[in-house]
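Everything on this sheet refers to the single structure shown next.
The values are calculated or read from the model by the stated rules, or taken from the named source; none is laboratory data. Every value quoted in this text rests on a predicted model; they were computed, and no experiment measured them. Don't worry about glycine lacking a Cβ; one is built from the backbone with ideal geometry, like all the others, and counts go over all protein chains shown. Heavy atoms of the whole protein, side chains included, go into the accessibility calculation; ligands, DNA and RNA do not. Shrake-Rupley method; radii C 1.70, N 1.55, O 1.52, S 1.80 Å.
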Amino acid sequence: MNWPRALLTDSGGFQMVSLLHLADITEKGVTFQSPVDGKPMLLTPEESIQIQNRIGADIIMALDDVVKTTITGPRIEEAMYRTLRWIDRCIAAHKRPNEQNLFGIVQGGLDPVLRDICVRGLVDRNLPGYAIGGLAGGEDKDSFWRVVAQCTAALPEDKPRYVMGVGYPLDIVVCSALGADMYDCVYPTRTARFGTALVTEGVLKLKHNVMADDTRPIDPTCACMVCKNYTRAYIHCLVTKDAMGSQLLSYHNLFYMMKLSRDLHSSIIEGRFPQFVCDFLRKMVVLYAFFSLCHIHHVISVVTGIFVYLRELSCWGQGMSGSMIVFVSIR
């Protein structure tokens, strides 16, 4: 690839969810029916690691048994314990431990007891880093954030903590406040293909007819190449008929995410992270209040929940109540 920066590869475990209608999961591994020719393909923990060893990524993921968080019953416990058994097979199959960092993945659905068992099992194996998997699959925000808070609190602080499949700006900010370090998601480019741009206040839907005569840039405060050279009206014309529209929006959205990550990181290093979160959320809440009063109570409850979580974790200390008043007063 000649990519001069860090590279992370996933194990294939997520396909147990996304291709569930084509997969058969057993203790040996997962058998997929090829969507191309229908032939069966067996992916074992060993094969997953061997593939990633050949690719040579800096961070590689253990094969885990993934189930949707909306599923209940014994399947969640089965998947969690299988994930722990498979991590041992992944460790044994890993031929380049001095060059590639093997991360384990915490499973257990929304069950705090199962999550705790999985965290302890992975930490006992002293891995280079740890991921929190099985989230962002349809569960409510309250449950999602509480699982992240539980796992980050129990995982080692001196090793990376990676929340898998998370890419909404709000979730990244909140999970960072809860102690997470890494994320991955197709959201910035996927939402661009649907004609949606990420902006400071939330999202901007370029397919809407109101954009047809709007000669402003996507985001007047953005310094990316797209915002410097193209108008909303021009991109509106493209997104309905030309792939270039999706490409321009993808460029902008990735620029937005990179800037968000840099600003978030800088605020932590410089000791002003609480103010960063307050400013970030204030803009988002004001947008909802202005455009859609029917949704404002939901947004307020989400924002209030964020502060409650952080207060419970003693992350912010003094001065938090004043910020909370600013948000609630919008109601």
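So here's what we get for this one:
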item	result
Descending principal axes extents, the stretch 30-120, alpha-carbon based, whole Å	38, 36, 17
Reachable lysines, given that their alpha-carbon falls under 17 Å from the alpha-carbon of K141 and they are not under 8 places away in the same chain	K68
For the stretch 123-174, projected area of the alpha-carbon convex hull averaged over all directions, nm²	3.8 nm²
Among 111-118, 267-274, the order from most to least packed when residues are scored by Cβ within 10 Å on average	111-118, 267-274
Sulfur and carbon atoms: percent of accessible area, the stretch 132-276 [1.4 Å]	55 percent
Viscosity 1.002 mPa s, 20 °C: Kirkwood-radius Stokes-Einstein D of the stretch 26-76 over Cα pairs, µm²/s	164 µm²/s
Accessible area per residue in Å² at 1.4 Å probe, computed on the stretch 18-153	46 Å²
Solvent-accessible area of E78 with every protein chain in place, 1.4 Å probe, in Å² to the nearest 10	80 Å²
Accessible area (Å², 1.4 Å probe, nearest 10) - K68	100 Å²
Table column - 3J(HN,Hα) (Hz), the stretch 92-97, Karplus curve with 6.51, -1.76, 1.60, x for Gly and Pro	5, 7, 6, 9, 10, x
Range of Cα positions in the stretch 170-284 per principal axis (Å), largest first	44, 24, 21
Taking all pairs of distinct alpha-carbon atoms in the stretch 48-91, Kirkwood radius in angstrom	11.7 Å
Per residue accessible area of the stretch 162-249, 1.4 Å probe, in Å²	46 Å²
R85-N209 pseudo-label distance in nm [points 7 Å out on the Cα-to-Cβ vector]	5.9 nm
